[in-house]
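In what follows, a single structure is set out as structure tokens and then discussed.
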Amino acid sequence: MTPFKLTEEFIAEIEQLIDNQKDETIISLLAEVHYADVAELMNDLDEDHATYLIKLLDTEKTSETLTELDEDVRETILGNLSAKEIAEELNELDTDDAVDIIGELPKKIVQEVISELEDREHAKDIVDLLRYDENSAGGLMAKELVKVNENWNVLTCVKEMRAQAENVTRVHSIYVVDDEGKLKGRLSLKDLLTTSTKTNIKDVYIPKVDYVNVNERPDEVARIMMKYDLEAIPVIDEIGRLVGRITIDDIVDVIREEAEKDYQLAAGISQDVEADDSIWQLTRARLPWLFIGMMGGIGAASIINVYEGAFVKFPILLAFIPLMQATAGNVGVQSSAIVVQGLANDTIKKGEILGRLLKELLLGLVNGLALAAIFILISHFGFGTTYMVSFTIGIALVSVVVNAAVIGTFIPIFLNKRGIDPAIATGPFITTSNDVLGILIYFTIAKHILNF
């Protein structure tokens with residue numbers, strides 16, 4: 001199928017058809033359009049046009065469309081729907097998606113929407129999921145799954161699976177439980193098809209199965225699923241009962257959100273914001289780190305002021321201040337980025353911390369010596385500095401690079417051990433600290449060698 005491409009002409013055509021209430025034409029045009037593409041269309045429509053489409057199109061399509069909309073657009077559209085209309089949309093969704101949408105509604109509307117749900121079992125599952133923290137496996141999971149009892153025979157198992165599968169969008173795994181609902185293992189479809197119908201499930205199921213607890217953090221769930229290439233993972237409660245499953249599409253969302261969060265932290269934005277947020281929200285997210293950066297600049301200026309007498313005798317030192325700051329900042333960000341990535345992927349183990357610091361120190365020394373050798377040649381022949389001054393700045397450059405590498409490695413590990421997101425270390429935090437320390441190292445070494 002050719003991918004759908006949303007164009008300004010198509011958007012304008014839909015808007016005109018809505019204005020003229022050409023319902024049949026709209027339905028025909030969007031009949032074969034994927035719900036994700038319909039969501040993209042609605043994101044570009046104004047509030048009235050988007051609401052009109054939600055009410056016009058088939059509920060099976062619009063329910064999935066709601067899950068793909070930008071949060072602000074979805075909030076606006078839901079605000080224009082009655083509790084009954086929202087309930088009709090939720091009836092078509094898996095419980096995890098339904099809970100995500102209900103969680104965005106005002107509290108006074110939630111109970112009314114739940115009471116309007118036609119499927120009472122669906123409503124019960126949604127209420128059950130609402131009690132879990134959204135930042136936990138319980139908050140991610142869906143109740144829809146296929147499970148069989150270990151005491152059933154294959155024939156009973158097949159009958160029950162057929163009934164359960166009607167409510168499951170995609171069957172990733174068949175889970176086996178005991179009479180108390182505790183997870184015992186998983187069932188291979190191949191074994192099910194090749195085994196006598198009178199055979200008990202307990203004789204053919206696979207006891208080894210990966211699972212997570214309802215209280216597990218989403219990032220840990222993502223790590224486990226990525227490590228073992230799982231499309232779905234069962235979720236158990238505190239006493240081992242199977243209560244739901246998490247599918248790969250939910251984990252992709254978690255990974256994307258974590259990446260966006262880390263990117264913002266690395267850029268010095270302390271809150272989750274988007275481009276269309278208010279000026280006040282954007283200011284609150286950016287100002288704290290801008291203030292830290294400013295204080296770092298003031299600290300560097302104070303150090304330069306202390307050594308201002310050196311510029312009378314060696315004015316060339318002033319010209320290479322940006323070199324020290326830029327090199328320290330770049331090395332620090334490089335080192336911290338590698339460590340943050342390793343911590344996120346769990347490739348840096350606790351016992352490897354000292355080895356990681358030593359490795360970065362040696363790497364910084366090698367890089368520093370290479371940069372210093374190049375600098376000495378350029379500064380002497382390009383700037384006409386004496387060998388002594390060039391050599392002094394070269395030594396300072398090596399020291400600054402090694403220091404930045406160690407700091408860039410240590411800070412993320414330290415923050416991670418304190419339960420703070422280490423991604424914060426890759427932004428202004430590292431850059432600012434290395435700027436200040438770089439200047440201090442630069443002038444301290446120059447003072448001792450050049451005797452000013």
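Per the listing Gly419, Gly382, the residue uniquely closer than 30 Å to Val339 by Cα and surrounded by fewer than 22 Cβ atoms within 10 Å (Cβ to Cβ) is Gly419.
Considered as a group, the residues in the range 141-157 that are open to solvent by 30 Å² or more (accessible area, probe 1.4 Å) and within 36 Å of the chain's Cα centre (by Cα) include one that is farthest from Gly244 (Cα to Cα), and that residue is Lys147. List the number of the failed condition for Thr62; all other conditions in (1) open to solvent by 30 Å² or more (accessible area, probe 1.4 Å); (2) hydroxyl-bearing (Ser, Thr, Tyr); (3) within 26 Å of Asp128 (Cα to Cα) hold. Failing condition for Thr62: (1).
For the range 232-256, the candidate set comprises residues that are of a type in the set (D, E, K, R) and closer than 20 Å to Glu64 by Cα; within that set, the residue that is modelled with the lowest pLDDT is Arg256. From the list Ala396, Ala373, Ala404, Ala446, the lone residue that is part of a helix (DSSP H, G or I), on the phi < 0 side of the Ramachandran plot and open to solvent by 40 Å² or more (accessible area, probe 1.4 Å) is Ala373. Evaluate the following for Leu53: is it open to solvent by less than 40 Å² (accessible area, probe 1.4 Å) and assigned to a helix (DSSP H, G or I)? Yes. Based on what the data block shows, is Asn80 open to solvent by 30 Å² or more (accessible area, probe 1.4 Å), among the polar types (S, T, N, Q) and within 26 Å of Ile251 (Cα to Cα)? So Asn80 does not fit the description; no. Summed over the range 66-90, the residues that are in a helix (DSSP H, G or I) and without any contact (Cβ under 8 Å) to a residue 12 or more places away in the chain give a count of 1.
Within the range 182-205, the presence of at least one residue that is within 17 Å of Glu144 (Cβ to Cβ) and basic (Lys, Arg) is confirmed. Residues in the range 303-326 that are surrounded by 12 or more Cβ atoms within 10 Å (Cβ to Cβ) and not hydrophobic (A, V, I, L, M, F, W, C): Tyr307, Gln325. When the range 136-175 is filtered for residues that are of a type outside the set (Ser, Thr, Tyr), under 26 Å from Ser115 (Cα atoms) and assigned to a loop (DSSP other than H, G, I, E, B), the ones remaining, listed by number, are Met141, Lys143, Glu144, Leu145, Glu166, Asn167, Val168.
Look at the range 130-147: where a residue is over 23 Å from Val176 (Cα atoms) and a partner is modelled with pLDDT under 90, sitting 6+ places away or on another chain with Cβ atoms under 7 Å, you get Glu134/Gly103. If only residues of the range 158-172 that are free of Cβ contacts under 8 Å to residues at least 24 places away in the same chain and closer than 29 Å to Ser82 by Cβ are counted, the one that is least open to solvent (accessible area, probe 1.4 Å) is Asn167. When the range 184-227 is filtered for residues that are assigned to a loop (DSSP other than H, G, I, E, B), open to solvent by 40 Å² or more (accessible area, probe 1.4 Å) and either of a type in the set (A, V, I, L, M) or under 20 Å from Arg256 (Cβ atoms) (or both), the ones remaining, listed by number, are Glu216, Arg217.
Applying the criterion of at least 3 residues that are in contact with a helix residue (DSSP H, G or I) (Cβ under 9 Å, 6 or more places away or on another chain) and at pLDDT 85 or above to the helices (runs of 4 or more DSSP H) found wholly in the range 283-357 leaves 316-319, 321-344.
The values are calculated or read from the model by the stated rules, or taken from the named source; none is laboratory data. Bear in mind that the values here come from a model prediction, so they are computed numbers and not experimental data. Don't worry about glycine lacking a Cβ; one is built from the backbone with ideal geometry, like all the others, and counts go over all protein chains shown. Just the protein is used for accessible areas: all its heavy atoms, side chains included, with ligands, DNA and RNA removed. Shrake-Rupley method; radii C 1.70, N 1.55, O 1.52, S 1.80 Å.
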